[in-house]
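Here the structure is laid out as structure tokens; the discussion comes afterwards.
The values are calculated or read from the model by the stated rules, or taken from the named source; none is laboratory data. Predicted, not measured: the structure shown is a model, and the values here were computed from it. Cβ sites come from the backbone with ideal geometry, for glycine too, and all protein chains shown count toward neighbours. Please note that ligands, DNA and RNA were not included when accessible areas were found on the heavy atoms of the full protein model with its side chains. Shrake-Rupley method; radii C 1.70, N 1.55, O 1.52, S 1.80 Å.
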Amino acid sequence: MLSYEGEQFMGTQQIMEKQGGLPNLTYDSANAIADYQPSINDGIFVLVNGCLFIDGNQEAPLRFTQTFLL
């Protein structure tokens, strides 16, 4: 099951149809920055900054920051 913006999609076919209808996002890994820090209980805190481009439009990047606790 996939839950996306309040809608639910069940099964492979519905999920693939939803994914196929979304804009084509590309990720610029060359300009991404990742920072790793030790955390409690042998965990790792990861902070990633980068840009996403919709349909390859490099003139209007979507900047993002994402954190992970692994």
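Of the solvent-accessible surface of the chain, computed with a 1.4 Å probe over protein heavy atoms with every protein chain present, carbon and sulfur atoms account for 53 percent.
Summed over the residues of the range 1-57 and divided among them, the accessible surface reaches 78 Å² per residue at a probe radius of 1.4 Å. One decimal place: the segment V46-S3 gains 13.0 nm when fully extended, by the rule 0.36 nm per residue minus the C-alpha distance.
Once C-alpha pairs closer than 8 Å and six or more residues apart are averaged by separation and normalised to the residue number of the range 29-70, the relative contact order reads 36 percent.
Distance from a point 7 Å along Cα→Cβ of L25 to each backbone N in the range 40-56: keep the residues under 17 Å and list them by number. Within reach of a label on L25, which here means backbone N under 17 Å from a point 7 Å along Cα→Cβ, the range 40-56 contributes 47-56. Pairs of alpha carbons in the chain separated by more than 21 Å make up 51% of all such pairs. Here the relative contact order of the chain, from alpha carbon pairs under 8 Å that lie six or more residues apart, stands at 25 percent.
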